[in-house]
Structures are given as C-alpha cells and as structure tokens.
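Heads up: the structure comes next, in structure tokens.
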Amino acid sequence: MNRFMVAERALRTAAPHELLDAIRAVLIDQYGAEDVELFMADYGLTVLQPVSVLPHTMEPVSVHNSAAGRAFGSQRPYCEETRDGRARLHLPVAVRGDRLGVLSVTLAEADAARQWEAELAEIADVLGHEVMVAERDTDLYLQARRKDRLTLAAEMQWQLLPGRSCSRPEYELAAQLEPAYAIFGDNFDWSATADHLMLYVTNGMGEGMEASMLTNLAINALRNARRAGISIADQAALADQAVYAHYQGRCYLSVLMFDFDLAAGRASVVDAGSPELWRLRGGTVERVSFDAQLPLGMFEETDYVVQDFDVEPGDRLVFVSDGVHAVVSPKGEAYGEAALARAVHSTRLLPAAEVPRAILRELTGHRGEAAPEDDALVVCLDWHGRPPTG
C-alpha cells in the first residue's frame, strides 16, 4: 500500500473528532513530517483558527497577512522556508470550492516539500471531505471556526446555510454575511443539479431571534417546495402561504430567486423584495432591475410571476441585501448605487470567493466605527457557461 492510500485509509477509518490526530500520525510516519496543524477559517473570514487545542490556547493566524492565509486566499499550496532550513507547506483544505481552512505540514527541508507537495495537496483535499462528513457527529470543527461566541440567532442562521462558496465548470459562487457573529435575518441558499442552479437571496424583517425564526421558516418552506420538483414561482407561492399562515402578515421576508439553466445560459427569476442584483459585463457595472412583487407572507395567497434573464460567459453577478445598499455613514450619507458600483468594479480582478469579503470591507469603511444596525449580505456569481462538448 502506497503512502497516499495509507493516509486516505487513516482518515476514512478515524473517529470524527480524531481526524487531525490520524493524519498527523501518518504524515510523521510516512512523509517524515515534524509538525502538522489544521486551521479552520472563522465565520468572519478574518483568521484561521487552530484545531489542535481547544479551547483556543494556540494563537490564530491572519487570513490576510500570513503564509497560511496566502494558501487560503489563493487556494494553492504555499511553501514557507524557515530560518533553520526547514520547510512549512501550507495546503488549502476545501470541498468543491467551499474553502474550509489550511493544513500546515512542517518538513525537514525544502526538497522534501517540493517532492511531496502534489501528494500532500491531495491528502488535504481528502481531509476536507472527511471534515465535512465528521461535522454531522462532532462539534470540534464548528467550535474551531469561531473566534468569538455566536449569538443564538447567528448560530441558527449559519446552520441554515449551504456553505460559503462552491464551484463547477459553469460557475463559481461565494457569499458572506456580516456581522458574522451576530447576524439576524439575511440569508442565502443554493442547490445544483446536472442542468440547473437554484439560488435564493433573502432579507427577513426584524432583529435577533424573531428574524432568525422567520428566515428559518421561509428557507425551509422554499426547500420543501424545491425538493418537490416544482417551479420557482410555485416555490415562492407555497413559502408565502407558509409564512402568512404563521405570522398572518405581521412579519414577512424579501427574496430574490433564480433558477439558472446551465446549458442555455438563461434564468427564471422571481423578485419578491429588497435584495438587489448588480452585473459586471465587459468592464461595465450596472444594476439589473426586475418587476418587484410582494414579499413572502405579506398577504394571503399571493401569485408570483417568473421573469426571464440571460447570462453570458464572463458575467459577474453580485447580489446584495439592503444592509449593504442602504447603510449610512456617520454623516448620514447612504452607501448608495455609485459607491456600490465602484466596489463591484474595484474587485473585478479578484476571484469570486474573495469578492463578498472585499466589498463588505469597503462597506465597513463607509459606515465608520459605528456598530452595524442591520445585516449585510453579499453573494458573487461568476458565470462561465457550459463548456462546449465534442
């Protein structure tokens, strides 16, 4: 049995909470590693939190200005040579484009790092899949993702999300919520099949637990309808009935819904509220507007109408909640369309996975030191289109 198979087998047979111990033992025995650490990206995507020791007695490292952060941002292995001649290889840990963290492996010399880099990168990929599966049975990796305590509302919202990014040949998709440790009603959801991508961007009213409970009801109603195989217009109608039946119009939820046909480059759209869509095409940024319809749960038995929308290879679509476009500066100036368009344009060279966090950083600069009064959600979709066959 070769080294890689030994590592893969160790991960697949390890107890959920012992993945790091299992891979550390194999890398020391089979590859001569001197140290092995696993870091998980925190909810705010600002630091990489160590898994080895909980509670956190090891120091986290920055996503923005550290060697491990460089591997995380680029999603490529990065070799750091230390002063004593050893090499520390930082390997991204991700699952289908969802960036989880970094596996850092210290080897005796740089030659060993170069020799084993590709194979260790594959092991880090297997580790990512095993971490995702293990999270069903242990809180260890979820605990390692948080540098602060989550509010209960935020805990509910993060557990509702599908992930923070994903990629396929036809598209790259990423999203981020702020404030990460105290979010309320903003949310996103997506699901893909062989030929379709469904994407929802939601903005629930209210604060704290009430907002979180409203969003949970609406998202699960949408998922229930989607999994029954019905159209997005009927999904919206059934979720609207579920929210109205519970709240009787006292609370409602805005949603922007897309059903992308991956082969045709077209989407069916239902616009039921406040989330906005901005498109970057050929260097030009513009807001895309649809015929606005009623939010989910505002009135009883609302009918929703689908609109058509075309996408072209190279398009970047940026979705934002009202916590982005309506936020005000200390002088009372709204962030507004001009500033948002500049932010979308200034981040055009970044990969989709980096765009939401970069736009939210610009938003923080506009807001100043004042605490945010609302959630802020940014979703970025880079459309490549289906590659030609034959």
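Would you kindly compute the Cα radius of gyration of region 1-125 and its largest Cα-Cα separation (Dmax), both in Å?
13.7, 41
In the chain, if the dipole is taken from +1 on Lys/Arg beta carbons and -1 on Asp/Glu beta carbons about the Cα centre, which of Ala358, Met209, His325 is farthest to the positive end?
Value: Ala358.
Round to a whole number: what % of the accessible area of the chain belongs to carbon and sulfur, probe 1.4 Å? Each step should come with its number before you reach the end.
Numbers: 8450 of 17350 Å².
So the carbon and sulfur contribution to the accessible surface is 49 percent.
Can you give the log10 of the normalised intensity I(q)/I(0) at q = 0.16, 0.19, 0.24, 0.29 Å⁻¹, computed with Debye over equal Cα scatterers of region 222-273?
Taking Cα atoms of region 222-273 as identical point scatterers yields -0.50, -0.67, -0.94, -1.16.
Please grab the % of Cα pairs in region 240-366 that end up more than 19 Å from each other.
57
Pick out, in residue order, every one of the GluC sites (Glu not before Pro) in region 243-343 that is DSSP loop and has at most 15 other C-beta atoms within 10 Å; say none if there are none. Could the numbers behind the result be given before it?
Working: sites: Glu276, Glu286, Glu300, Glu301, Glu333, Glu337; in loops: Glu300, Glu301, Glu333.
The qualifying sites are Glu300, Glu301, Glu333.
Among residues other than Thr347 whose Cβ falls under 11 Å from its Cβ, what is the net charge (Lys/Arg +1, Asp/Glu -1)?
Net local charge, Thr347 excluded: +3.
Just how large is the dipole of the chain about the Cα centre, in debye to the nearest 20, putting +1 at every Lys and Arg Cβ and -1 at every Asp and Glu Cβ?
Dipole of the chain, to the nearest 20 debye: 540 debye.
State, to one decimal in nm, how far the label point of Phe4 lies from the label point of Thr389, with both points 7 Å from Cα in the Cβ direction.
Those two pseudo-labels are separated by 2.9 nm.
Which FRET efficiency value, to the nearest 0.05, is calculated for Phe299 and Asp195 with the Förster distance at 25 angstrom and r the Cβ-Cβ distance?
0.15
Please report, to two decimal places, log10 I(q)/I(0) for region 94-187 at q = 0.19 Å⁻¹ as given by the Debye formula with identical point scatterers on the Cα atoms and no solvent.
Values returned for q = 0.19 Å⁻¹ are -1.03.
With only Lys, Arg, Asp and Glu charged, each at its Cβ (+1 for the first two, -1 for the last two), find how big the charge dipole of region 64-157 is about the Cα centre; round to the nearest 20 debye.
With only Lys, Arg, Asp and Glu charged at Cβ, the dipole is about 400 debye.
Express the C-alpha Rg of region 79-118 as a ratio against the empirical globular expectation 2.2 N^0.38 Å, rounded to two decimals.
Values: Rg = 11.5 Å, N = 40, 2.2 N^0.38 = 8.9 Å.
In units of the 2.2 N^0.38 Å rule of thumb, it is 1.28.
For Asp35 paired with Met58, estimate the spin-label separation in nm (one decimal), with each label point 7 Å from Cα along the Cα-to-Cβ line.
0.9
Connecting C-alpha atoms closer than 10 Å in a GNM of the chain, tell me which of Leu350, Leu177, Leu45 has the biggest fluctuation.
Maximum fluctuation in the GNM of the chain, among the listed residues, is at Leu350.
Apply the Kirkwood formula to region 182-254: the hydrodynamic radius equals the inverse of the mean of 1/r over all pairs of different alpha-carbon atoms; give it in Å with one decimal. Kindly include the intermediate steps, with their values, before the conclusion.
On the way: mean 1/r = 0.0797 Å⁻¹.
It works out to 12.5 Å.
With a length cut of 27 Å (Cα positions projected on each helix's long axis) and a Kyte-Doolittle mean of at least 0.0, go through the chain and give me the DSSP H helices that pass.
Membrane-span-like by this criterion, though nothing is claimed about a membrane: 110-134.
Using packing as a proxy for protection, rank 228-234, 196-202 so that the peptide with the highest average count of other Cβ atoms within 10 Å comes first. Walk me through the numbers before you get to the answer.
Values: 228-234: 14.7, 196-202: 23.4.
Final packing ranking: 196-202, 228-234.
Filter the trypsin sites (Lys or Arg not before Pro) in region 35-132 to those in DSSP coil with at most 15 other Cβ atoms within 10 Å of their Cβ, and list the result.
Here the sparse-neighbourhood loop sites are Arg83, Arg96.
Checking a compactness column here: for the chain, what do you get for Rg(Cα) / (2.2 N^0.38 Å), N being the number of residues? Kindly include the intermediate steps, with their values, before the conclusion.
Details: Rg = 22.0 Å, N = 390, 2.2 N^0.38 = 21.2 Å.
Compactness ratio reported: 1.04.
How high is the FRET efficiency from Arg76 to Thr284, r the C-beta distance, R0 25 Å, rounded to 0.05?
0.25
The values are calculated or read from the model by the stated rules, or taken from the named source; none is laboratory data. In this text the structure is predicted, and so the values were computed from the model without any measurement. Note that we place each Cβ from the backbone using ideal geometry, even for glycine, and neighbour counts take in every protein chain shown. These accessible areas exclude ligands, DNA and RNA; they are computed on the full protein's heavy atoms, side chains included. Shrake-Rupley method; radii C 1.70, N 1.55, O 1.52, S 1.80 Å.
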